Each structure stands twice: as C-alpha cells, then as structure tokens.
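Enquirer: Have a look at this one.
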Amino acid sequence: MASRPLEGFTVLDLTNVLAGPFCCHQLAHLGADVIKVEVPGRGDLARQLGADAELNDRLMGVSFLAQNAGKRSITLNLKHDKGKALFKRMAARVDVIVENFRPGIMDRLGVGYETLKPLNPDLIYCAISGFGQDGPMRDLPAYDQIIQGLSGVMSITGSAETAPYRVGYPLCDTIGGLTAAMAVAAAMAGRARNGGCLIDVSMLEATLATMGWVVSNYLIAGIAPTPLGNENFTSAPSGTFEAEDGPLNIAANKQEQYESLCRILRREDLLEHPCYATRDLRKTNRYALKRELETALCAKPARVWARELNAAGVPAGAVFQVPDILAHPQIAERGMFAAFENVPGVGRDIRVARPAVKLDGHPAAVDAPPPRLGEHNEAVYRSFGVEENELAELRAEGVI
C-alpha cells in the first residue's frame, strides 16, 4: 500500500467540473479526507457530463467519475442561512477549503476567506478562478477554451495553415488544478511554521507558467513564437514524420542522435550535406531535411522504426490513438488505473485514472469509488456534531 502523506488532513471541496475537482483528486489520492460539498438536488455539473447519457441522467456522468474517486459527498445549500451556519461550523474544524467560484461569490454568500479566517486561523483557503482574485478581468467568466485562446496556447498550436487550434483536451483546467494541488500541499507542509493562508490560483497565469520556453523566447530574446505544427522549434530533425503505415515521432535533438539517425536510415550522405551540418542549419532547412528523411522512412512501419531507432539511442515513437496507449503494457501494468466493481449509482464496474505518481513503489490510490450525490450526508454531518433531530430539520428545510 502506498504511503499517504496527507493523511489526517480534511479538505472541503466546493468545486465544480474540472480545475477544482482535479486539484482535490490529487489531494484525495495523497491521503487527504476530501469532503465534496455539492448543491442539493443536482450537485457538481460534471455529474451530468460525459459520453454516456444514461449515467448523466443518474447524476453519475463519466466526467464526474473521472476525478472524484475516494471523496465523500455531502449536499449543502449555501444560500440558506442555516446552510451558511453549518458551513461555518465545518470550516472552523477542517484544514483546507478549495473553491472555484467566480471571485467575490463566496464573500457575497457570507462565507469568504475573511469571514472564515477568525473562526480558523490555521485554515488553508484555495480559490481557483480563470483570472485570479484581482485585476481588470477578475469578474469575467472563464472556461478552458477561453483560457487557451487568451494565453496564446491556441496561437502556437497547429501549423501556419491551421492555427489557432485548440489543444484536444481541457489543458488549462488541468494545469490550474495541478497548480492548486501543489500550492495546497506546500501550504500544508508549512502550516506549522506559517499558519493558514489564502491561495489565489489563476488558470491564465498557471497556463502561462507552463509556457516558460516560448514566453522566455519573447521576453528575453524578443522572438514571438509561431505555430510550427508537429515540428520542434528548438531542434531538427525533431517532429512527426511519415513512415510506411503512418506517423512517427523522432527527436534527434543532439548531434550524435542526428548522426545515428542518418546511419540507420542509410542516408549517410546527409551528414556531409552543407545545409544540415549544424543544429541551426538543420532548423533553418528543417522541411527540406524532413523530405529527405521520409524517402527512407517510408520503407518500414512506424513501430518497426521506433524499435530500431530507440535501440540506437535515437528517441522515437509511433503516434498512438488513445485506446492504443491505454492497452500498452507500459501503462496497463504500472497500476495507473483503478478498478471499482459494481459502483453504486452506476450499476457496473468502472476503471478510472489515478494521479501520475508512485509513492514507495506503489501508485497513489483511494479505497472508495466516486460517491453518489449526498451519499455521506449523515456520516459527515454527525462527525461535525450535528444530531439526528437537527439533520431531519435540515433535510426538511432543503438545507441539505
């Protein structure tokens, strides 16, 4: 069993859809007790999202199942005075609150950080938003595609003919969630020295932070990045090439790798060609070099070339479809996917991805499947001192 470094910490997860739930997904797998606080009746919008319409109707959509295993679900109406009071009782005793509402909403509800801090000076409060808690754009709505466009990601994705192009999964939501999880874990580690704190995560800034190479090329060298399709802007030959049966990625970024590549392809003549003698020359003439290499690559399938090139120290790999990599032994045999049998609310077995981390040789894991809406109301609220008669009143009044 993997070590659980965050065991003993309790997190109230008020988040919806992706960035926030993905943050708390990491925390749960690292051992935190994550209590998902959801709107009565409908819960996290992700419960209604995904490719299986029947599961969406059951409020157990695939998008929800993907990142909520191991959490406990309670329902709470924060617009109700009794809901606010109950939330404050809980906030006074937990370690972390994570929310991804638009800035100001928690304050308007009367349960923002400044209200909660006196109740729990050691509280770690993480607010995830599109643009951060201040600045001229703070109140604008933000979804992943909006951030992809504003950050410049779309402007450098695709080729000169196809850009701007959206990355094929919710990149910015995911980066925002990972950034938040890192910050929360760091705050947990430092809390004994520093006390509680307010963490402000901007999805826009989190995305820009991961674009360090292209951003720095502009900030320091004055070179604005441009879309290069599947080419690597730092080197050549490095990109996607056509083999006999489909695309093949090759990253011959070092001189010795380029020389090995030419020898394996039996194109030693390219080593003497004046247009390709140095890295910078190969970058300048990358498309001509690509055509030369593809005359040899078309003789064998991509996976055959990948084996031969990797054996010679030249990084290479076929371009897989998602089902291909999920079935590959490198992924299938390392425990990245958790299997849950006959999941309540789903009615069948499911497999979901765990975070990409191993601790002491074991994958980070949780014991429980994604929860049904409000599944843990009684157990959680009783643990915070709510008696049965009060629970009945809260249910009757629509507070939970």
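Enquirer: Among the listed residues Asn310, Asn253, identify the single one that is under 30 Å from Pro363 (Cβ atoms) and of a type in the set (S, T, N, Q).
Expert: Asn310
Enquirer: A further question follows. Mind telling me which of the residues Val343, Val366, Val352 ends up being modelled with pLDDT of 95 or more, surrounded by 15 or more Cβ atoms within 10 Å (Cβ to Cβ), of a type outside the set (S, T, N, Q) and out of contact with any strand residue (DSSP E or B) (no Cβ under 6 Å at 6 or more places or on another chain)?
Expert: From the options Val343, Val366, Val352, the qualifying one is Val366.
Enquirer: Going by what's in this entry, would Thr207 be described as touching a Phe, Trp or Tyr at 6+ places or on another chain (Cβ under 8 Å), surrounded by 19 or more Cβ atoms within 10 Å (Cβ to Cβ) and touching a residue at least 12 places away in the same chain (Cβ under 8 Å)?
Expert: Answer is no for this residue.
Enquirer: I need the full set of residues from segment 363-392 which are touching a residue at least 12 places away in the same chain (Cβ under 8 Å), closer than 16 Å to Gly83 by Cα and outside any loop (DSSP other than H, G, I, E, B), in order please.
Expert: Within segment 363-392, Asn377, Glu378, Val380, Tyr381, Leu391 qualify.
Enquirer: Only one residue in Arg303, Arg334 is at pLDDT below 95, farther than 30 Å from Ala53 by Cα and in contact with a strand residue (DSSP E or B) (Cβ under 8 Å, 6 or more places away or on another chain), so which one is that?
Expert: Arg334
Enquirer: So, one more: Out of Leu261, Leu281, Leu265, Leu297, I need the residue that is more than 32 Å from the chain's Cα centre (by Cα) and within 22 Å of Asn217 (Cβ to Cβ). Which one?
Expert: Just a single option satisfies the conditions, and that option is Leu281.
Enquirer: Which fully enclosed helices (runs of 4 or more DSSP H) of segment 93-202 have 3 or more residues being more than 25 Å from the chain's Cα centre (by Cα)?
Expert: 105-109, 113-116, 171-194
Enquirer: Quick one: would you say Thr226 is surrounded by 15 or more Cβ atoms within 10 Å (Cβ to Cβ), among the hydroxyl-bearing types (Ser, Thr, Tyr) and under 20 Å from Gln148 (Cα atoms)?
Expert: Answer is no for this residue.
Enquirer: Can you name the residue in segment 234-279 that is surrounded by 16 or more Cβ atoms within 10 Å (Cβ to Cβ) and small (Gly, Ala, Ser) and is also farthest from Trp305 (Cα to Cα) among such residues?
Expert: By that ranking, first place goes to Ser235.
The values are calculated or read from the model by the stated rules, or taken from the named source; none is laboratory data. The structure displayed is predicted, hence computed values, not measured ones. Quick reminder, even Gly has a Cβ in these numbers, built from the backbone with ideal geometry, and neighbours come from all protein chains shown.
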